[in-house]
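Okay, so here's the structure we're looking at.
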Amino acid sequence: MDKLLYTSTSAAQQIMQAQSVNSNNLANVSTTGFRADFVQALSVPIYGEGIPSRVYSETGNDATNFQPGNFQTTGRSLDIAIQGDGFIAVQGKNGSEGYTRAGDLRIAENGQLTTGTGLVVLGEGGPITIPPSETIEIGVDGTISVRPLGSEANALAQLDRIKLVNPELRLLQKYPDGLLRLRGGGSADSDASVKVTSGTIEGSNVNAIGAMVKMIELQRKYEAQIKMMQTADENSQASARMLQLPG
């Protein structure tokens, strides 16, 4: 009976983890540039003395869905969207380089160019700082041009170029802060082939209906495992009663 109880208990625990990942996807259905996470379930034998007759469930959530999200035209000069493959390089909260598809850019009070969540956008020489300007334009290659305050209408000056990268997807891993980074650390090289569209942003690639269906599916699987635990307990009690019967 312990085999059934152990298997059901471990399965229920992993289903709860899968539900957590799916709930996070659903919570980010409207997050700019968000990439949904996948969950993988495995049956793993327990090795030790004797035959590995016990099996438990194990879930991994290190897989990411890299399919593009929906694009929305905003007309805002600081909004950009990656055309095809590629990512925007930003500086994470811990100072390390990370990659995102969130192109809802802003100018912070200190003049730094940031994403909508406050992550500093990186250029060719590090964080990009925008001086007081009449207008700001972002070219298809990520080049930032500004017209300084008080200058003529055609006096555009090239300021910097957003660092755009396109590493192999198998080399990327999503971290708890939501950023993608190279497995094993390091930073990706700039890729001139990556292009952006100004005045457009890319939304989340989470399918809201699919995530809701998945939530219901996982809930039913969890309930099935709870019933299995109850069955294991009932069988154990029945076996104990049989052993107590007089011979």
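Where a number appears in this text, it was derived from the coordinates with a stated rule and is not lab data. From a predicted model like this one, the values you see are computed outputs, not experimental measurements. Here the Cβ is made from the backbone with ideal geometry for all residues, glycine too, and neighbour counts use every protein chain on show.
Taking Cα Rg over 2.2 N^0.38 Å as the quantity of interest, determine which of [x] 0.97; [y] 1.44; [z] 1.09 was computed from the displayed structure.
[y]
Work out how much length L169 to K3 would gain on full extension: take 0.36 nm times their residue separation and subtract the Cα-Cα distance, in nm to one decimal.
Values: separation 166, 0.36 × 166 = 59.76 nm, distance 3.94 nm.
My answer for the length gained is 55.8 nm.
Relative to the longest principal axis of the C-alpha atoms of the chain, give the angle of the C-alpha long axis of helix 2-27, reported between 0 and 90° and rounded to the nearest 10°.
20
With +1 assigned to the C-beta of every Lys and Arg and -1 to the C-beta of every Asp and Glu, and no other charges, what is the dipole magnitude of region 1-102 about the Cα centre in debye, to the nearest 20? Walk me through the numbers before you get to the answer.
Values: 6 positive and 8 negative charges, 48 e Å.
Around 220 debye, computed over region 1-102.
Please state the relative contact order of region 119-247 as a whole percent: Cα pairs under 8 Å, 6+ residues apart?
Working: 122 pairs, mean separation 21.8, N = 129.
Relative contact order here is 17 percent.
So for the pair L149, R220, with labels modelled 7 Å out along Cα→Cβ, what separation do we get in nm?
Calculated label separation equals 6.2 nm.
To the nearest 0.05, what FRET efficiency results for R54 and I107 with a Förster distance of 51 Å applied to their C-beta separation? Could the numbers behind the result be given before it?
Numbers: r = 58 Å, r/R0 = 1.14.
E between R54 and I107, to the nearest 0.05, is 0.30.
Over the alpha-carbon set of region 106-247, divide Rg by the Kirkwood Rh and report the Rg/Rh ratio to two decimals.
Values: Rg = 28.3 Å, Rh = 20.7 Å.
Rg/Rh for region 106-247 comes to 1.37.
Against the longest alpha carbon principal axis of the chain, how many degrees, from 0 to 90 and to the nearest 10, is the axis of helix 208-244 turned?
The answer is roughly 20 degrees.
Using DSSP loop states and a limit of at most 15 other Cβ atoms within 10 Å to flag chymotrypsin sites (Phe, Trp or Tyr not before Pro), what is the longest stretch of the chain containing no flagged site? Mind showing how you got there, number by number?
Details: sites that count: Y47, F66.
Result, exposed sites excluded: 67-247.
In terms of Cα to Cα distance under 26 Å, which lysines are near enough to K221, apart from those fewer than 8 places away along the same chain?
Within the straight-line limit of under 26 Å, K221 reaches these lysines: K3.
Compute the projected area of the convex hull of the Cα atoms of region 103-175, averaged over all viewing directions, and report it in nm² to one decimal place. Write down the numbers at each step before the final one.
On the way: hull surface 23.9 nm².
With every direction weighted equally, the projected area is 6.0 nm².
State, as an integer percentage, the relative contact order of the chain based on alpha-carbon contacts under 8 Å between residues 6 or more apart.
Details: 492 pairs, mean separation 68.1, N = 247.
That works out to 28 percent.
Just the number, please: Stokes-Einstein D of region 61-165 in µm²/s, Kirkwood Rh from C-alpha pairs, 37 °C, 0.692 mPa s.
Numbers: Rh = 14.6 Å.
D = 225 µm²/s.
Beyond 15 Å, what share of the Cα-Cα pairs of region 28-79 remains, rounded to the nearest whole percent? Walk me through the intermediate numbers first.
Details: 894 of 1326 pairs.
For region 28-79, the fraction of Cα-Cα distances above 15 Å is 67 percent.
What does the convex hull of the Cα atoms of region 1-134 come to per residue, in Å³, rounded to a whole number?
Details: hull volume 22.3 nm³, N = 134.
It comes to 166 Å³ per residue, whole-number rounded.
Would you mind checking which residues have amide H under 5 Å from G116's amide H? H placed 1.01 Å from N; only 5 or more apart, or other chain.
So G116 has HN proximity to D104.
Who wins for biggest fluctuation among I80, I46, I136 in a Gaussian network model of the chain, springs between alpha carbons below 10 Å?
For the chain, modelled as a Gaussian network with Cα springs under 10 Å, the answer is I46.
What number comes out for the charge environment of T59, summing +1 per Lys or Arg and -1 per Asp or Glu over other residues with Cβ under 13 Å away? Display every interim value, and only then the final one.
Details: positive: K221; negative: D37, E58, D62.
Around T59, the charge tally is -2.
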